[in-house]
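Inspection log for the structure reproduced underneath, given as structure tokens.
The values are calculated or read from the model by the stated rules, or taken from the named source; none is laboratory data. Because the structure is predicted, anything quoted here is derived from the model rather than measured. Cβ placement follows ideal geometry from the backbone for every residue including glycine, while neighbour counts extend to all protein chains displayed. For accessibility, only protein heavy atoms count, side chains too; no ligands or nucleic acids. Shrake-Rupley method; radii C 1.70, N 1.55, O 1.52, S 1.80 Å.
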Amino acid sequence: MAYKRILLKLSGEALMGERNYGIDPKRLAEYAEDIKEITNQGVEVAIVIGGGNIFRGVAGASNGMDRVQADYMGMLATVINGLALQSALEDADIPTRLQTAIKIEAIAEPFIKRKAVRHLEKGRVVIFGSGTGNPFFTTDSAAVLRAIEINAEVILKGTRVDGIYDSDPEKNTNAIKFDTLSFDDVLKKGLKIMDTTAFTLSQENELPIIVFDMNTPGNLFKVIAGENIGTIVKN
């Protein structure tokens with residue numbers, strides 16, 4: 001395996017599957033099987049998941065809601081998704097722990113770096129919920145921050161697109177895909193991979209990002225095995 005410890009970033013929208021909102025149990029089960037395939041190879045997996053399928057703070061704020069209040073609602077949405085993913089993983093016989101930046105002791109552990117690392121070392125999948133615990137920060141920022149804290153070797157950004165293109169491939173059939181990019185290339189070309197805070201944090205800590213299609217079964221294993229799947233961004 002090319003990587004021993006990874007941080008998998010999933011969007012909340014990915015959990016909708018074919019639905020218009022909410023959570024698709026079928027998609028969760030597919031993700032659980034893909035994750036099980038790599039944990040069986042000894043790969044240590046941490047996960048950060050968004051909440052856009054339930055509530056997005058920025059959208060709430062744009063409709064007149066207080067931004068701070070809206071962002072906290074978005075954080076709680078990520079906890080709901082984390083619980084759903086945890087249930088799916090445990091149905092697949094994968095031991096997990098859900099840790100949250102906001103204390104919700106009845107359903108999750110508070111985030112403690114040393115405990116998270118110990119869980120990973122014991123073969124448990126660790127799901128990080130509620131983002132960074134602070135308003136005005138996205139789950140992309142939370143993913144990079146947690147990856148750095150647990151010494152992950154790479155961030156795997158699972159999307160519905162098979163990599164990074166020079167334009168939106170869902171709108172432009174002539175869009176050109178990149179196999180490898182440097183952080184500087186991404187900035188020069190104005191490509192949108194993560195929000196600026198998250199991307200800069202990743203660049204400064206020399207943490208590579210791989211963008212790949214998570215919705216194709218087996219792709220996660222291929223990425224971990226070092227196959228040329230998706231697009232890798234590195235210094």
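Under 17 Å from a point 7 Å along the Cα-to-Cβ line of Lys234: which residues of the stretch 161-185 have their amide N that close? In the stretch 161-185, the label zone of Lys234 (backbone N under 17 Å from the point 7 Å along Cα→Cβ) covers 164, 178-185.
How high is the relative contact order of the stretch 1-125, in percent, counting Cα pairs under 8 Å that sit 6 or more residues apart? Please report the intermediate quantities before stating the final value.
Working: 177 pairs, mean separation 31.3, N = 125.
Once normalised by length, the contact order is 25 percent.
Kindly work out what percent of the DSSP beta bridges joining two residues of the chain are antiparallel, to the nearest 5.
Values: 5 of 33 bridges.
Of the beta bridges lying entirely in the chain, close to 15 percent run antiparallel.
Run the accessible area of the stretch 59-148 with a 1.4 Å probe and give the carbon-and-sulfur part as a rounded percent. Can you show the working numbers first?
Values: 2210 of 4170 Å².
Summing carbon and sulfur atoms, their accessible area is 53 percent of the total for the stretch 59-148.
Annotation: per residue accessible area for the stretch 185-235 equals 49 Å², rounded to a whole number [probe 1.4 Å, protein chains only]. Given H placed on each backbone N at 1.01 Å, which residues far from Gly17 in sequence or on other chains put an amide H within less than 5 Å of it? Sorted by chain and number, the residues that satisfy this are Asp24. For the stretch 166-171, 3J(HN,Hα) computed residue by residue from phi via the Karplus equation (6.51, -1.76, 1.60; θ = phi - 60°) reads 6, 7, 5, x, 7, 10 Hz, glycine and proline entered as x. Note on the stretch 124-235: Cα convex hull, mean projected area over all directions, 7.8 nm².
Of (i) 32, 22, 17; (ii) 54, 36, 12; (iii) 24, 22, 18, which is the value of semi-axes √(5λ) of the Cα gyration tensor in Å derived from the coordinates here? The calculated read-out lines up with (iii).
By the rule of a C-alpha distance below 20 Å, with chain neighbours fewer than 8 residues away ignored, the lysines paired with Lys171 are Lys189, Lys192. Less than 5 angstrom separates the built amide H of Gly51 from those of Gly12, all sequence-distant by 5 or more or on a different chain. Summing Cβ point charges (Lys, Arg +1; Asp, Glu -1) relative to the Cα centre of the chain gives a dipole of roughly 460 debye.
What accessible area per residue, rounded to a whole number of Å², is obtained for the stretch 57-125 using a probe radius of 1.4 Å?
On the way: 3620 Å² over 69 residues.
Accessible area per residue, the stretch 57-125: 52 Å².
Residue by residue, the stretch 84-99 carries 3J(HN,Hα) couplings of 5, 5, 4, 4, 5, 5, 5, 5, 8, 6, 10, x, 9, 9, 9, 10 Hz when phi is fed to the Karplus relation 6.51 cos²θ - 1.76 cosθ + 1.60 (θ = phi - 60°); x denotes Gly or Pro.
For the chain, adding -39500 (n - 2.57) for each run of n ≥ 4 DSSP H residues and dividing by the number of residues yields -11500 deg cm²/dmol at 222 nm.
Considering only the stretch 110-235, what is the antiparallel percent among its DSSP beta bridges, to the nearest 5? Don't skip to the end; give the middle numbers.
On the way: 5 of 12 bridges.
If I count the DSSP bridges inside the stretch 110-235, around 40 percent turn out antiparallel.
Couplings 3J(HN,Hα) of the stretch 108-123, computed from phi: 7, 7, x, 5, 9, 3, 4, 5, 4, 5, 5, 4, 4, 4, 8, x Hz, in residue order, whole Hz [Karplus 6.51 cos²θ - 1.76 cosθ + 1.60, θ = phi - 60°; x for Gly and Pro].
Starting with the highest mean, order 38-47, 89-98 by the number of other Cβ atoms within 10 Å, averaged over the residues of each peptide.
Answer by packing, highest mean first, reads 38-47, 89-98.
Close amide H partners of Lys157, meaning residues 5 or more places away or on another chain with modelled amide H under 5 Å apart, are Lys9, Ile210, Val211, Phe212.
Full extension of the chain between Arg67 and Thr196 gives 44.6 nm of extra length, using 0.36 nm per residue less the Cα-Cα distance. The simple spin-label model puts a point 7 Å past each Cα toward its Cβ; for Arg114 and Thr180 those points are separated by 4.0 nm.
By the rule of a C-alpha distance below 24 Å, with chain neighbours fewer than 8 residues away ignored, the lysines paired with Lys4 are Lys36, Lys113, Lys115, Lys122, Lys157, Lys222, Lys234.
Note on Leu187 and Lys122: their simple-model spin labels are 4.1 nm apart, each label 7 Å out from Cα toward Cβ. Modelled this way, with points 7 Å down the Cα-to-C-beta line, the labels at Glu105 and Met1 are 3.4 nm from one another.
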